[in-house]
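Take a look at the structure set out below.
The values are calculated or read from the model by the stated rules, or taken from the named source; none is laboratory data. What you are looking at is a predicted structure, and each value in this text was computed from that prediction instead of being measured. Note that each Cβ is placed from the backbone with ideal geometry, even for glycine, and that neighbours are counted across all protein chains shown.
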Amino acid sequence: MARDAKPHPEQSSAAKADPEVSDEKAVFYNPQTALGTYTNLAIVRHTQEEFQIDFLQQDPAGAHQLATRIWTSPAHFKRLAKALIANLAKYEEKFGEVPERQRSPDE
């Protein structure tokens, strides 16, 4: 672990959705990673053995820049998908339905 890594004070819903991860386990991160990265587009690909998620930043002119790429196992991807769906439901219960953007014919 890096010397500048610090324990994260919160536990994510993804961790709580995973029965193998206890709320008592510390999550460590370095400060630069903790800043996060904004993305507004994701591309998901898979093979039999793994899933690849590319998180991109798309500017108003339509140019794309890869922000980060995640590789994960099918089992973890499934847990992540369930956690995302559960969190979206909680969000919409509190703040209202999130409208889906309609694609224009040229997309």
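A compact table of results
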{"read-out": "Residue that is farthest from the chain's Cα centre (by Cα), among those in segment 68-87 that are of a type in the set (A, V, I, L, M) and surrounded by fewer than 12 Cβ atoms within 10 Å (Cβ to Cβ)", "value": "Ala75"}
{"read-out": "Hits in segment 32-67 - residues which are surrounded by 10 or more Cβ atoms within 10 Å (Cβ to Cβ), of a type outside the set (Phe, Trp, Tyr), touching a residue at least 12 places away in the same chain (Cβ under 8 Å) and more than 23 Å from Arg101 (Cα to Cα)", "value": "Ala34, His46, Glu50, Gln52"}
{"read-out": "Boolean, Ile43 is among the β-branched types (Val, Ile, Thr), touching an Asp or Glu at 6+ places or on another chain (Cβ under 7 Å) and modelled with pLDDT of 95 or more", "value": "yes"}
